[in-house]
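Chemist: Pasting a structure below so you can have a look.
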Amino acid sequence: MRYLPLTDADRREMLSVIGAKSVDDLFKDVPASARLGAKIGGLPDHQGELEVERAFQAFAAKNVSPGTAPFFIGAGAYRHHVPSTVDYMIQRGEFLTSYTPYQPEITQGTLQYLFEFQTQVTLLTGMDVANASMYDGSTGTAEAVLMANRITRRHKALISGGLHPQYRSIIETTAKWEGFKPVLSKADAEGLEDLIASVDKDTSCVVVQNPSFFGHVRDFTKLAEACHAAGALLIVVVTEVVSLGLLKPPGEMGADIVVCEGQSIGNGLGFGGPYVGLFATRDKYMRQMPGRLVGETVDADGKRGFVLTLSTREQHIRREKATSNICTNAGLCALAFTVHLTLLGEAGFTRLAEINHAKASQLADKVSAIPGVKLLNDSFFNEFTVKLPKPAAPVVEALAAKRILGGLPVSRLIPNDPSVENLLLLAATETATDMGMDPLVAALKEVL
Amino acid sequence: MVQSLDRSQGRAGGVAAGAASNHGTYTGNRALQIEEPLIFEMGQPGRCGVDLPEPPKVKDRLNGLRRAGTIGLPGLSEPQVVQHYTRLSQKNYAIDMGVYPLGSCTMKHNPRINEKVARLAGIGDLHPLQPVSTVQGALELIDRLAHWLKTLTGMPAVAMSPAAGAHGEMCGMMAIAAALEAKGERAQRKVVLAPESAHGTNPATAAALGFTVKPIPANDRGRVDLAALKAALGPDVAAIMLTNPNTCGLFESEIVEISKAVHDAGAYFYCDGANFNAIVGRVRPGDLGIDCMHINLHKTFSTPHGGGGPGAGPVVLSAALAPYAPYPWIVKDGDTWRVAEDGAKVDGTPLGRLKAFHGQMGMFTRALAYIMSHGADGLKQVAEDAVLSANYVMAALKDVMSPAFEGPCMHEALFDDSFLKDTGVSTLDFAKAMIDEGYHPMTMYFPLVVHGAMLIEPTESQAKEDLDQFIGALRSLTERAKTGTAAEEFKAAPRFSPRRRLDETLAARKPILRWRPSNNPPEGDPMKQAAE
Amino acid sequence: MAVTKYTEEHEWVRVEGDVATVGITQYAQEQLGDVVFVEVPAVGRKVAKGEACAVVESVKAASDIYAPVAGEIVEGNAALADSPGDVNAEPTGKGWFFKLKLADKAELDGLMDEAGYEAFVKSLG
């Protein structure tokens, strides 16, 4: 077996040093009833690299790769071009096969890029401090609600109808089992929601998304003021982080916690994971943050260096009093994010955002010109909602049959709600071309 | 020390002869060890590492919310970016460089075929919400891995979506809470039992779900004290959380009795699967009577540790807990695959949803490639070689170091610090001296139940020659420590690493968590002037 | 005349009138190592005897500080936010944690005096 260096001769010699007759002696603590003499049955034996690769090519052949079809799906995961440098960098073994930097003297590489990552996140979001990443935007949002509950010692979280439906489900699940009360507003496809009147003295936080799940762009400054007047926190979620290249950052609107899905920068679609959660807050809430934090310090020679810090918030020290049970984060995806953003820089990142907005704008014009199709958004970044004259799910299936990945029927994520049955969510990024948009429009005309 | 600044690169330079902290070089560099500023100290406006076309001119539809000022991101060209991260990478220790015996973390070889297949077009580039008719192969892949995990553990069900081990713990404990609720016992059973040697995630998870954590004592053999456990079990107990093999590297030899006692008391058995590598392919946890167990794919199944993630933590479930598994899961209808998502009509009462989309697909792909490469025969050999290697290290060091417990260990060897008594050298000093010998230290001061603990997990990935050199290095360090005159030398370690010991007190007292133009780098820092 | 009492949790309690000042002992600060952060209770909070009401953190450990006697918090040591090292440098002086107004002076009788505490520390080896 190519991964196992020990030879039979090695094994015999090692057993003799140990003083054991066979390896079975080393498993003598396993109860007899659970000892398997032979290998586990019903499973194939080892295979060479060639055979393994073929098996995966066979899986891949049964899928439609977005690179081979007109593609317009978003809804919390966005198809962007990732420069080759990013993937090369994250595959360097010193990054790929290192672990959590418990020994800072020999993990300065990881610690410095995480420090740079934290700084980039604060700049994008307009916040004071950021952690070294969460699993993804969805789990990070639930953690943000828990953090707000801790800070305010309240348990009523108002959840916007513009928040991604799966993020809403995760908050509901967390609430059910961890014991707090979310108040979920109904799906806000038109972008008309105003939660200011709902904030009261029992509210721990309000969770909104910008741009919303349906694509609307909103200013939450007044909502932030209302939250603060009532002693509640405003949590702003961003699922398309590229939008921050163009839009007023949540920090300038008065957000107390900002959570972003960072996948768009550096990380491929990957069928939903692993992604990277960005998590930022105000200085005053620093010690209530979940997750790892990297801080600057000096070494014994007085040279600048970086360490994991404020660890007493974490499970491995505080145990049952920890701010979160999180341990592993998304280190390598954070590296992909930070390498890509460093390549882009100010000029590249803002231009990328401009291109996304322009492409989506073109698509919106083309699609809304189809008879019977109504654009629901007066504002959007790179994603918007249209109302079709018939249910969207079969339309999307019909498009797929023509090898066009033509958006997300909202009913897939919000089932059993007639008000969203005809809604189609469409996204266009810098990867969209006229050669992709025109077939979509033609096919839509055909199937509607 | 005279320094001048080359503004075009943001790097320090100057005559630094005699400056110890700069190694007496002009640059402050030392051959392959190159001092590296932060990206914010080297960027220039007008420089960019990508070429993007002019955006098409369109009407702005941003609702008047265009960003007013600049973001503050630095501009670097592509070669600068490549050099920056390459230099940073060279300040890291990694599995690819040598023995990385970090106990409880299973730092095994990360095969590159895993990376290749995860990036195949048609796998790595799929959108999670594509029509299911266009992702049949992806759903089949997830189901194939699920089949392996169920078969290897001897359990009837698996929840694939948790993003990491701790997330899997949350999933498993939520399933237990859901099962208790279905029986009308959730209000009454509020206690979770866990040994003091447990990973910190166990009590953190239980507490988050509103359970009170009660410690159960260990016996002098490092295992759960069965009598004490039985005494602690009662109508108020919801579950036991137990790692097996445990965090002392030992198999819980009375585990069948433990699970029987737990079930007789009406409670559930959560098994922390962090140490599954010791038994994979050789023992099925399902045969031990557990109710659920998370599997860290980045430990046992070689998905890369990536500097702290991403991981994946699928949870296998017993028949009693399976009805509560969270959304989503994969279903086969005839010849087609579909996804059971929120709101779908299903048997059972799912506990909800833990993560967007379908879980850590990229990790599933890598883990399945690893599993298929090994097969049932190879995985059994993995467990045997991992256990053999740990016992070999233990046997070769037991005369000079102090094993915490007698008898064979599983995949990790645990020592206490009694062999360092009166030497003035602590576990921390000993670990830092290992760095100068070219090794990543073992896990230190965990588990908490052993004084000055040193937990060594060599994994199955090291050749015997490399284990022998590692053993030789530890024996040499032990000898040096025991001279009784080497304490200062140990306290000065590491001396040859990119940085020497870092001031963690300073970092925590005055947290600097981001770069700011006003951050004042400390005296003696070669980058000081670069930041100005 | 101030009276100083001690607890088995290595806290000292200095009583002047009906106000008690609370901190940790020299022995406790040595055990903790460099203190990096102290969280003190809010003024006005009523605490029961034995209730966790402050937290003291070193780099690798966090310890709860328990109210040695019941009472109402009248002051927290705000200076510790900027100089947590005072707890190491002057644990019984500038490094005090909080002051509380005693609810029941009789509770003080259950605490150790200086000699008793010294003997207690000795017994820990």
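Just so it is clear, none of the values below were taken in a lab; they were calculated from the coordinates. What you are looking at is a predicted structure, and each value in this text was computed from that prediction instead of being measured. Positions of Cβ are generated from backbone atoms using ideal geometry, with glycine treated the same way; all protein chains shown enter the neighbour counts.
Chemist: Take residue B:491 and residue A:362, extend 7 Å from each Cα along the Cα→Cβ direction, and tell me the distance between the two endpoints in nm.
Modeler: 6.8 nm
Chemist: Which whole-number percentage describes the relative contact order of the range C:3-123, with Cα contacts under 8 Å and a sequence gap of 6 or more?
Modeler: Values: 260 pairs, mean separation 36.7, N = 121.
It rounds to 30 percent for the range C:3-123.
Chemist: Give the residues of the range B:205-247 whose amide nitrogen is closer than 12 Å to a point set 7 Å from the Cα of residue C:64 in the direction of its Cβ.
Modeler: Within reach of a label on residue C:64, which here means backbone N under 12 Å from a point 7 Å along Cα→Cβ, the range B:205-247 contributes B:213.
Chemist: Where does chain C land at 222 nm, in deg cm²/dmol rounded to the nearest 500, when only DSSP H runs of n ≥ 4 count, each adding -39500 (n - 2.57), divided by all residues? Write down the numbers at each step before the final one.
Modeler: On the way: 3 runs with 21 residues, N = 125.
Taking each H run of at least 4 residues, the total per residue is -4000 deg cm²/dmol.
Chemist: State which stretch of chain B is the longest one without any exposed chymotrypsin sites (Phe, Trp or Tyr not before Pro), exposure meaning a DSSP loop state and at most 14 other Cβ atoms within 10 Å. Present the calculation step by step, with values, prior to reporting the outcome.
Modeler: Working: sites that count: B:26, B:496.
It works out to B:27-495.
Chemist: Then there is this: Using the eigenvalues of the Cα gyration tensor, what equivalent ellipsoid semi-axes result for the protein assembly as shown when each is taken as the square root of five times the eigenvalue, whole Å, largest first? Kindly include the intermediate steps, with their values, before the conclusion.
Modeler: Working: eigenvalues 384, 257, 211 Å².
Computed over the protein assembly as shown, the values are 44, 36, 32 Å.
Chemist: Taking a cut-off of 18 Å between Cα atoms, list the aspartates and glutamates near residue A:321, but don't count ones fewer than 8 places away on the same chain.
Modeler: A:143, A:178, B:169, B:196, C:39, C:51, C:57, C:64
Chemist: To the nearest 0.05, how large is the calculated FRET efficiency for residue B:83 and residue A:81 if R₀ is 30 Å and r is the Cβ-Cβ distance? Please report the intermediate quantities before stating the final value.
Modeler: On the way: r = 23 Å, r/R0 = 0.75.
Computed FRET efficiency for residue B:83 and residue A:81 comes out at 0.85.
Chemist: Also, I was wondering about something else. Just the Kirkwood number for chain A, please: inverse of mean 1/r across all distinct Cα pairs, in Å, one decimal. All intermediate terms of the calculation are to be shown ahead of the outcome.
Modeler: Working: mean 1/r = 0.0411 Å⁻¹.
About 24.3 Å, per the Kirkwood formula over Cα pairs.
Chemist: Can you tell me the equivalent ellipsoid semi-axes for the range A:194-315? Use √(5λ) from the Cα gyration tensor, largest first, whole Å. Kindly include the intermediate steps, with their values, before the conclusion.
Modeler: Numbers: eigenvalues 172, 91, 34 Å².
Equivalent-ellipsoid dimensions as semi-axes: 29, 21, 13 Å.
Chemist: In deg cm²/dmol, rounded to 500, what helix-only [θ] at 222 nm does chain A give when every DSSP H run of at least 4 residues adds -39500 (n - 2.57) and the total is split over its residues? Let's see the in-between values first.
Modeler: Details: 13 runs with 162 residues, N = 448.
The per-residue figure over chain A is -11500 deg cm²/dmol.
Chemist: Also: Write out the trypsin sites (Lys or Arg not before Pro) in the range C:61-105 meeting two conditions: DSSP loop, and at most 15 other Cβ atoms within 10 Å of their Cβ.
Modeler: C:94
Chemist: To continue, here is another question. So what does the Cα-only Debye profile of chain B read at q = 0.09, 0.10 Å⁻¹, as log10 I(q)/I(0), no solvent term?
Modeler: These q points yield log10 I(q)/I(0) values of -0.82, -0.98.
Chemist: Name the shape class, rounded, prolate or oblate, that the alpha-carbon gyration tensor gives for the range C:30-93, where a ≥ b ≥ c are the square roots of its eigenvalues, rounded holds for a/c under 1.5, and otherwise prolate holds if a/b is larger than b/c and oblate otherwise. List each step's numbers first, then the result.
Modeler: Numbers: a/c = 2.10, a/b = 1.58, b/c = 1.33.
Prolate is the answer for the range C:30-93, as a/c is 1.5 or above and a/b outweighs b/c.
Chemist: Only four residue types carry charge here, +1 at the Cβ of Lys and Arg and -1 at the Cβ of Asp and Glu. Report the dipole size of chain C about the Cα centre in Debye, rounded to the nearest 20. The partial results should precede the final answer.
Modeler: Numbers: 11 positive and 22 negative charges, 33 e Å.
Result for chain C is approximately 160 debye, rounded to the nearest 20.
Chemist: To the nearest 0.05, how large is the calculated FRET efficiency for residue A:288 and residue B:479 if R₀ is 60 Å and r is the Cβ-Cβ distance? Show your work: numbers first, answer last.
Modeler: Working: r = 48 Å, r/R0 = 0.79.
It comes out at approximately 0.80.
Chemist: Any idea what the relative contact order of the range B:384-501 is, in percent, if you count C-alpha pairs under 8 Å spaced at least 6 apart?
Modeler: 31 percent
Chemist: Separate question: Please compute the length gained on full extension between residue A:301 and residue A:39, using 0.36 nm multiplied by the number of residues separating them and subtracting their Cα-Cα distance. Before the final figure, lay out each step's value.
Modeler: Numbers: separation 262, 0.36 × 262 = 94.32 nm, distance 5.42 nm.
Result for the pair: 88.9 nm of gain on full extension.
Chemist: Return, ordered by residue number, the residues of the range B:108-142 whose backbone nitrogen is under 17 Å from a label point located 7 Å along Cα→Cβ of residue A:49.
Modeler: Answer for the range B:108-142: B:109-120.
Chemist: With the crude spin-label approximation of a point 7 Å out along Cα→Cβ, what separation in nm comes out for residue A:446 versus residue C:108?
Modeler: 9.1 nm
Chemist: For A:385, B:423, B:483, what's the fewest-to-most ordering of other Cβ within 10 Å of each Cβ?
Modeler: Working: A:385 27, B:423 20, B:483 10.
Ascending Cβ contact count within 10 Å gives the list B:483, B:423, A:385.
Chemist: Then there's this: Name the residue farthest towards the positive end of the dipole of chain A from the options A:114, A:425, A:307, assuming +1 on Cβ of Lys and Arg, -1 on Cβ of Asp and Glu, about the Cα centre.
Modeler: After comparing all options, I get A:425.
Chemist: Note the full-extension length gain between residue B:319 and residue B:32 as 0.36 nm times their separation in residues minus their Cα-Cα distance, in nm to one decimal.
Modeler: Working: separation 287, 0.36 × 287 = 103.32 nm, distance 5.65 nm.
Full extension of this stretch gives 97.7 nm more.
Chemist: Still on this model: For the range A:230-271 and the range A:403-448, what is the centre-to-centre distance using only Cα atoms, to the nearest Å?
Modeler: Spelled out, the Cα-based centre of one part sits 24 Å from the other.
Chemist: Pairs A:284/B:510; A:39/B:116; A:62/A:390; B:91/B:116; A:156/B:183; C:46/C:105: which are spaced more than 19 Å apart, C-alpha to C-alpha?
Modeler: On the way: A:284/B:510 13 Å; A:39/B:116 28 Å; A:62/A:390 29 Å; B:91/B:116 25 Å; A:156/B:183 27 Å; C:46/C:105 15 Å.
Where the Cα-Cα span goes over 19 Å, the pairs concerned are A:39/B:116; A:62/A:390; B:91/B:116; A:156/B:183.
Chemist: Compute the whole-percent fraction of alpha carbon pairs in the range A:84-340 spaced more than 35 Å apart. Before the final figure, lay out each step's value.
Modeler: Working: 4400 of 32896 pairs.
Within the range A:84-340, distances greater than 35 Å cover 13 percent of Cα pairs.
Chemist: Starting from the Cα of residue C:27, move 7 Å in the Cα-to-Cβ direction to define the label point; list residues of the range C:94-125 whose amide nitrogen is under 18 Å from there.
Modeler: C:110-125
Chemist: Could you tell me how far the Cα centroid of the range A:148-201 sits from the Cα centroid of the range A:303-322, in Å?
Modeler: 29 Å
Chemist: While we're looking at this one, here's another question. Provide, for q = 0.15, 0.19, 0.20 Å⁻¹, the log10 of I(q)/I(0) from a solvent-free Debye sum over equal Cα point scatterers in the range A:230-387.
Modeler: -1.02, -1.34, -1.39
Chemist: Shifting gears a bit: Mean residue ellipticity at 222 nm from the helices of chain B, using -39,500 (n - 2.57) per DSSP H segment of n ≥ 4 over the full residue count, to the nearest 500 deg cm²/dmol? Please report the intermediate quantities before stating the final value.
Modeler: Working: 14 runs with 166 residues, N = 532.
Rounded to the nearest 500, the figure is -9500 deg cm²/dmol.
Chemist: Here's something else I'd like to know. Applying the Karplus parametrisation 6.51 cos²θ - 1.76 cosθ + 1.60 with θ = phi - 60° to the phi angles of the range B:262-274, what ³J(HN,Hα) value in whole Hz is obtained for each residue in order, glycine and proline being reported as x?
Modeler: Along the range B:262-274, the couplings run 4, 5, 4, 7, x, 9, 10, 10, 8, 9, 7, x, 4 Hz.
Chemist: Hey, could you get me the Stokes-Einstein D for the range C:3-123, Kirkwood radius over alpha-carbon pairs, 4 °C and 1.567 mPa s, rounded to whole µm² s⁻¹?
Modeler: 92 µm²/s
Chemist: Work out the charge dipole of the protein assembly as shown with +1 on the Cβ of Lys and Arg and -1 on the Cβ of Asp and Glu about the Cα centre, then indicate which of B:245, C:43, A:336 is farthest towards its positive end.
Modeler: Value computed over the given set: A:336.
Chemist: Using a Cα-Cα cut-off of under 12 Å, which aspartates and glutamates could be cross-linked to residue B:59, ignoring same-chain neighbours fewer than 8 residues away?
Modeler: A:354, A:365, A:378
Chemist: How far apart, in nanometres, would the label points at residue B:257 and residue B:196 be if each is projected 7 angstrom from Cα along the Cα-to-Cβ direction?
Modeler: The answer from the label model is 2.2 nm.
Chemist: For the range A:98-214, rounded, prolate or oblate, judged on the Cα gyration tensor with a ≥ b ≥ c (square roots of eigenvalues), a/c < 1.5 rounded, else prolate if a/b > b/c?
Modeler: Numbers: a/c = 2.34, a/b = 1.91, b/c = 1.23.
The shape class here is prolate.
Chemist: Per q in 0.23 1/Å, what log10 I(q)/I(0) does a Debye calculation on the alpha-carbon atoms of the range B:384-501 return?
Modeler: For the range B:384-501 at q = 0.23 Å⁻¹, log10 I(q)/I(0) is -1.42.
Chemist: Still on this model: Using a Förster radius of 56 Å, what is the FRET efficiency between residue A:197 and residue B:465 based on their Cβ-Cβ separation? Nearest 0.05, please.
Modeler: Numbers: r = 72 Å, r/R0 = 1.29.
Efficiency computed from Cβ-Cβ geometry: 0.20.
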